[in-house]
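Colleague: Just passing along the structure, written as structure tokens.
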Amino acid sequence: MVSKFFNMNLTILTQWFPPEHAPIGYMIKELADELVSDGHDVTIITGFPNHPSGIVFGGYKKKWMQVEYIGSVRVIRVWLATSPKRTRWRRLFTFITFTLTSAWALVRYTKVQLIFAVFQPLSVGVTLPFLARMKGAKLILNIQDLHPDVPIELGLVSNPVLIRALKMIEWVGYAKSDGLAVICDSFKTHCAARGGKDSAIDVIPNWIDLNEIKPENRNNNFRDKIGLNESHFVVLYAGTIGWVSGANIMLDVACQLLELSSIRIVFVGEGAMVPELKTEVATRKLTNVIFVPFQRRSILSEVQSVSDVSVISLKPGKGKTSVPSKVLGYMAAARPIVASVDSDSETASMIVQASCGRVVEPGNSVKFAEEICALQFDSDLRRKLGMNGRNYLEQHYAKGIITKKYIDFFKRVVKDKDAN
């Protein structure tokens, strides 16, 4: 029988990791720190930071491999193809090269009991089950999005042969893993239907560091930085602005609100849709829309707290294949949320359970604008909804609560290995 307290040797594989702004990268870092605090040895295999621009960050020079230590965590950075031209084929080449170089690093430089990997790119579903067996290790995949369903539904992948191949890779990843950590119940249902063993699937939601993002005064330095004053009513859209988001609805909302001179819609983030949105804003002469790039991590509370109302959008039917992490940041800052998402989506369910905002059907910009206006003129309701969200996170989504679930899951999987 394995003792309750034992040391694990883990390798975590993720294409995205700080200093990149991707939320999953920061969560992986925080999880690694918690694992080290619990007495375990952790190695991260990742790429050279370049997300979302495709340009390698200053302070890094891309090479075949680089090892650095962040605290007690060993970070192995491997070469991957990068380009500021974010075409479909260039992104695919980035995914493939990372899959291959990370596999090489896993074989060459790690001694490991457990491999924990973000299941994106999808191609790691081919390599990792084989490599885990070769290393005598257990494999757990973390499911943050449902691939290949997302690119197929967006029309980015349409070739029937390629679709079949991608779905086969998905099945191999689910079926051949020793565990799947999914972020919501609908993802568990999906994975079980696509080859995952139901008993090996744990629902572990994403978390938020409630000490990092706290409710602050709306009139702060960030508001000054973006040229707004106390009288402006800020509608905040913060985070990655990708195709699944359907963020173009916010421009229709901006048209609805254009005559209300105090309202400003502020996008804080980057992503594939930003160039298109900026062009459309200029074409439609939307003077109430502001774009700001990602900000440094140290002022996240200021960025989130500049908001009077925070907003989320997803394309119709996408709520079951994607759960925006931005909702947790909004709730942590105690800001009310208006979400343009399907009523049966995980995002809608969270907002309703937490009683922290309003949900409108995707594509209904008129109703979206009406809900924002209603909140503009009811400060008591804004305050109540915001605090409801913060309190809900403290009870269910605090970092310590969720990371403990991950660590317990890891221990169960490794103990099953040792017992066998």
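Colleague: Long-range amide H contacts for Arg358: which residues qualify at under 5 Å (H placed 1.01 Å from N, peptide plane, sequence gap of 5 or more or a different chain)?
Modeller: So Arg358 has HN proximity to Ile337, Val338, Ala339.
Colleague: Enumerate the aspartates and glutamates that Lys176 could reach by cross-link, defined here as Cα to Cα under 15 Å, with residues fewer than 8 away along the same chain left out.
Modeller: Asp198
Colleague: Another question about this same structure. Taking Cα pairs under 8 Å and at least six residues apart, what relative contact order does the chain come out at, in percent?
Modeller: So the answer I get is 13 percent.
Colleague: Let me ask another. Between the range 21-94 and the range 299-357, how far is it from one alpha carbon centroid to the other, in angstrom?
Modeller: About 27 Å separates the Cα centre of the range 21-94 from the one of the range 299-357.
Colleague: Would you mind working out the magnitude of the charge dipole of the range 221-396 relative to its Cα centre, with +1 at each Lys and Arg C-beta and -1 at each Asp and Glu C-beta, to the nearest 20 Debye?
Modeller: 360 debye
Colleague: If you don't mind, another one. Report the charge-dipole magnitude of the chain in Debye, nearest 20, computed about the Cα centre from +1 at each Lys and Arg Cβ and -1 at each Asp and Glu Cβ.
Modeller: 1420 debye
Colleague: Return one quarter of the surface area of the convex hull spanned by the alpha-carbon atoms of the range 257-353, equal to its mean projected area, in nm².
Modeller: Projected area, direction-averaged: 7.1 nm².
Colleague: Taking a ≥ b ≥ c as the square roots of the Cα gyration tensor eigenvalues, with a/c under 1.5 meaning rounded and otherwise prolate when a/b beats b/c, else oblate, which class fits the range 112-191?
Modeller: oblate
Colleague: Apply the Karplus parameterisation 6.51 cos²θ - 1.76 cosθ + 1.60, with θ equal to phi minus 60°, to every residue of the range 45-61 and state each ³J(HN,Hα) to the nearest whole Hz, in sequence, with x for glycine and proline.
Modeller: 10, 8, x, 6, x, 8, 7, x, 6, x, 9, 4, 4, x, x, 10, 10
Colleague: Taking H as built 1.01 Å from N, whose amide H comes closer than 5 Å to the amide H of Ile201, not counting residues under 5 places away?
Modeller: Close amide H contacts, sequence-distant or interchain: Leu180.
Colleague: Sort His396, His147 so that the residue with the fewest other Cβ atoms within 10 Å of its own Cβ comes first and the one with the most comes last.
Modeller: If I rank by nearby Cβ atoms, fewest first, I get His396, His147.
Colleague: Given Cys356, Leu260, Gly227, which one lies farthest toward the positive end of the charge dipole of the range 221-396, if we put +1 on the Cβ of every Lys and Arg and -1 on the Cβ of every Asp and Glu?
Modeller: Checking the options against the dipole of the range 221-396, the answer is Gly227.
Colleague: When you take every Cα atom in the range 314-397, what is the radius of gyration, and what is Dmax, the widest Cα pair distance, in Å?
Modeller: 12.2, 34
Colleague: While we're on this one: For the range 397-409, take each phi angle, set θ = phi - 60°, evaluate the Karplus expression 6.51 cos²θ - 1.76 cosθ + 1.60, and give the result in whole Hz per residue in order, putting x for glycine and proline.
Modeller: 10, 5, 3, x, 5, 6, 5, 5, 4, 4, 4, 5, 5
Colleague: Take the chain, mark every one of the trypsin sites (Lys or Arg not before Pro) that falls in a DSSP loop and has at most 10 other Cβ within 10 Å, then report the longest stretch left between them, sites excluded.
Modeller: On the way: sites that count: Lys4, Lys61, Lys63, Lys85, Lys285, Arg296.
Result, exposed sites excluded: 86-284.
Colleague: Please give every one of the aspartates and glutamates within straight-line cross-link reach of Lys405, meaning a C-alpha to C-alpha distance under 16 Å, and leave out same-chain neighbours fewer than 8 residues apart.
Modeller: Correct list for Lys405: Glu30, Asp33, Glu34, Asp38, Asp185, Asp202, Asp209, Glu394.
Colleague: Using Cα positions and a limit of under 16 Å, work out the lysines in reach of Lys399, with same-chain residues fewer than 8 apart set aside.
Modeller: Lys29, Lys214, Lys326
Colleague: Return Glu302, Glu276, Glu20 ranked ascending by Cβ neighbour count within 10 Å, so the fewest neighbours appear first.
Modeller: In order of increasing Cβ crowding within 10 Å: Glu276, Glu302, Glu20.
Colleague: Restrict the search to the range 1-96; then list the chymotrypsin sites (Phe, Trp or Tyr not before Pro) that DSSP places in a loop and that have at most 15 other Cβ atoms within 10 Å of their Cβ.
Modeller: Those that pass, being in a loop and sparsely packed, are Phe5, Phe6, Phe57, Tyr60, Trp64.
Colleague: Taking H as built 1.01 Å from N, whose amide H comes closer than 5 Å to the amide H of Arg74, not counting residues under 5 places away?
Modeller: When sequence neighbours closer than 5 places are left aside, the close amide H contacts are Val42, Ile44.
Colleague: Out of all Cα-Cα pairs in the chain, roughly what percent, to the nearest whole number, are more than 43 Å apart?
Modeller: The calculated P(r) of the chain puts 11 percent of pairs beyond 43 Å.
Colleague: If you don't mind, there's one more thing I want to ask. With unit charges on the beta carbon (Lys/Arg positive, Asp/Glu negative), name the residue among Leu31, Leu314, Ala238 whose Cα is farthest towards the positive pole of the charge dipole of the chain.
Modeller: Leu31
Colleague: Treat the count of other C-beta atoms within 10 Å as a stand-in for reagent exposure and order Met168, Met134 from fewest to most.
Modeller: Going from sparsest to densest Cβ surroundings: Met134, Met168.
Colleague: Give, in whole angstrom and from largest to smallest, the semi-axes √(5λ) of the equivalent ellipsoid of the range 221-396, with λ running over the eigenvalues of the Cα gyration tensor.
Modeller: 21, 19, 16
Colleague: Moving on to the next point. So what are the ³J(HN,Hα) numbers for the range 183-199, from phi and the Karplus equation (6.51, -1.76, 1.60; θ = phi - 60°), rounded to whole Hz, Gly and Pro as x?
Modeller: Whole-Hz 3J(HN,Hα) from phi for the range 183-199: 8, 7, 5, 5, 5, 4, 4, 4, 5, 5, 6, 10, x, x, 7, 4, 5.
Read the figures in this text as sums done on the coordinates, not as results from a lab. Keep in mind that what you see is a predicted model, and the values were worked out from it rather than measured. So basically every Cβ, Gly included, is an ideal-geometry build from the backbone, and we count neighbours across all protein chains shown.
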